[in-house]
Amino acid sequence: MSSATLAVMIVTVIGIICAVMLSVASKVMAVKEDPLIPLVRECLPGANCGACGFAGCNGYAAALVEDPEMELTKCTPGGEDVAKSIGKVLGRKAGKMVLMTAVIGCRGDNSKTARKMEYKGIKSCSAAAMMFGGTGKCKYGCLGLGDCAAACPHGAIVIRDGLAHVIDEKCVACGLCTKTCPKGLIYIQPYYEAVRVLCSNHEKGALVRKECSIGCIACGLCVKNCPVDAIHIENNLAVIDHDECIGCGACRMVCPVKVIIGSGHGAS
Amino acid sequence: MITIKGLIAILLTATFINNYVLQQFLGICPFLGVSKKLDQATGMSIAVIFVMMIATLVTWPIQTFLLTPNGLGYMQTIVFILVIAALVQLVEMVLKRYIPALHASLGVYLPLITTNCAVLGVCINNIDSEFTFAQAMFNAFGSGLGFLIAMLMFAGIRQHIEDCDPPESFKGLPITLISAGIVSISFFGFAGIVDNLFG
């Protein structure tokens, strides 16, 4: 037998052995995956953003199929449409979906609050925050270096005048920005909300005045004017109890520094 | 003669002096591709160690008992690729069935490295160096370990590069390649150490 024939034979035999082994293994070792999982997976956007609290869309799809108690509305980027289509696949009813959006809890752009230092370091909020709490006079406020904008996969955050702004139409409320902000300024809140307090400064009023012209001075006018007792001063900052709030807007009208804003105006 | 000392020398040589990534320039694609994040780099490297060992386990007997006696040493590359690819697929199925946790952590990396050049390189190197079976296994483990060290080091370096502000034209891949070169040069410092270690 010539060596060429031998070579061809040996490689063919090895190949056949491997093929048989693999095809047998694929039958024997087959993991029974619920056929619903790929169907549910199809409904999800596939961005793997993690807003649902699972590692990715696959994780959420598996959890949906395996756990009948799992809510269908955890995919905020997908919104109501996705919840409905999952409901159709699984034969379950999707709960009410509340449209959410990211909200920046600060309005102090360059014209409202001053810088206390000239910062020439790495252009990143988390780095700047390590230097004496950041560049701004207000140590609670937006640093404006754009960590949130960089983290946003949808380009829904822009930095203007040293302040982050959310573009409501682009925001899918995945919450990635909330995790990157070193000041913890960004919240995921219902899109339709009568009023929001857009300040995070916990200093006393007089000090806030010196730091920023648009910071909550904890004067308490909003508390006095609220007809349903839904707004309180907590730690020198007005906080709205959205379960109580009837959306009359009285607090917004009386706020002397205009940190209470109606929804839709957002931070932009 | 196989001694413990000899085996350890092979292990250390494979890990540091003949480091597959930094000295022999094999397995560069995962080295540059998956070294951005530390956890990914770790997952990938552990999968590489695993696959290198398994590949050696199978290819060494094939070469010694099947190819060499029949004078088919030149078929090495093709046969090895075939066997390694099939084997990794099989291992993946077995893991998925019996150890889903390990399968989930090795995840996408297992199929990614089925025919990685570093894996093939280890198998061929085992034959070329005329290692015995035990020596070959130690060499495979050492090579995998070297890959792990290179990946972890480089993942750390890349995370630091992210925080620096390199000139515009160096941003991204260029600065990564330059730092890879510097790390590689630093590994030349290991040359000759092991021989003297065991004098």
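The values are calculated or read from the model by the stated rules, or taken from the named source; none is laboratory data. Computed from a predicted structure; not experimentally measured. Every residue, glycine as well, gets a Cβ built from its backbone with ideal geometry; the counts of neighbours run over all protein chains shown. Accessible surface is based on the protein model in full, side chains and every heavy atom, while ligands, DNA and RNA are left aside. Shrake-Rupley method; radii C 1.70, N 1.55, O 1.52, S 1.80 Å.
Being within 14 Å of residue A:186 (Cα to Cα) and open to solvent by less than 20 Å² (accessible area, probe 1.4 Å) is true of residue A:105. Taken over region B:93-104, the residue count meeting the criterion of being more than 7 Å from chain A (Cβ to nearest Cβ) and either surrounded by fewer than 18 Cβ atoms within 10 Å (Cβ to Cβ) or under 15 Å from residue B:52 (Cβ atoms) (or both) is 6.
The residue that is nearest to residue B:99 (Cα to Cα), counting only those in region A:13-35 that are within 41 Å of the chain's Cα centre (by Cα) and open to solvent by 60 Å² or more (accessible area, probe 1.4 Å), is A:31.
Only one of B:44, B:53 is open to solvent by less than 50 Å² (accessible area, probe 1.4 Å) and more than 8 Å from chain A (Cβ to nearest Cβ); which? Show your work before the answer.
On the way: B:53 fails: open to solvent by less than 50 Å² (accessible area, probe 1.4 Å).
None of the others qualify; the one that does is B:44.
When residues in region B:1-32 are screened for being touching a Cys at 6+ places or on another chain (Cβ under 9 Å) and among the small types (Gly, Ala, Ser), 1 of them pass. When we screen B:62, B:28 for residues that are under 21 Å from residue B:187 (Cβ atoms) and either crowded, with 17+ Cβ neighbours inside 10 Å or out of contact with any Phe, Trp or Tyr (no Cβ under 9 Å at 6 or more places or on another chain) (or both), the only hit is B:28. Screening residue A:55 with (1) closer than 26 Å to residue A:156 by Cα; (2) among the hydrophobic types (A, V, I, L, M, F, W, C); (3) open to solvent by less than 70 Å² (accessible area, probe 1.4 Å) gives one miss only, at (3).
Do you know which residues across region B:168-199 are open to solvent by 60 Å² or more (accessible area, probe 1.4 Å) and in a loop (DSSP other than H, G, I, E, B)? Residues satisfying the conditions are B:171, B:191, B:198, B:199.
Is there a residue being among the aromatic types (Phe, Trp, Tyr), open to solvent by 50 Å² or more (accessible area, probe 1.4 Å), in the same structural domain as residue A:110 (by TED's automatic domain parsing) and over 26 Å from residue A:125 (Cα atoms) anywhere in region A:180-188? Spell out how you get there, then give the answer.
Taking region A:180-188 first, the residues among the aromatic types (Phe, Trp, Tyr) are A:187.
Narrowing further to those that are open to solvent by 50 Å² or more (accessible area, probe 1.4 Å): A:187.
Imposing the further condition that a residue be in the same structural domain as residue A:110 (by TED's automatic domain parsing) reduces the set to A:187.
Subsequent filtering for residues that are over 26 Å from residue A:125 (Cα atoms) retains none.
Scanning region A:180-188 turns up no residue that is among the aromatic types (Phe, Trp, Tyr), open to solvent by 50 Å² or more (accessible area, probe 1.4 Å), in the same structural domain as residue A:110 (by TED's automatic domain parsing) and over 26 Å from residue A:125 (Cα atoms).
Within region B:16-48, work out how many residues are on the phi > 0 side of the Ramachandran plot and either of a type in the set (Gly, Ala, Ser) or touching a Leu at 6+ places or on another chain (Cβ under 8 Å) (or both).
Filtering region B:16-48 down to residues on the phi > 0 side of the Ramachandran plot leaves B:25, B:27.
Filter again for either of a type in the set (Gly, Ala, Ser) or touching a Leu at 6+ places or on another chain (Cβ under 8 Å) (or both), leaving B:27.
Within region B:16-48, residues that are on the phi > 0 side of the Ramachandran plot and either of a type in the set (Gly, Ala, Ser) or touching a Leu at 6+ places or on another chain (Cβ under 8 Å) (or both) number 1.
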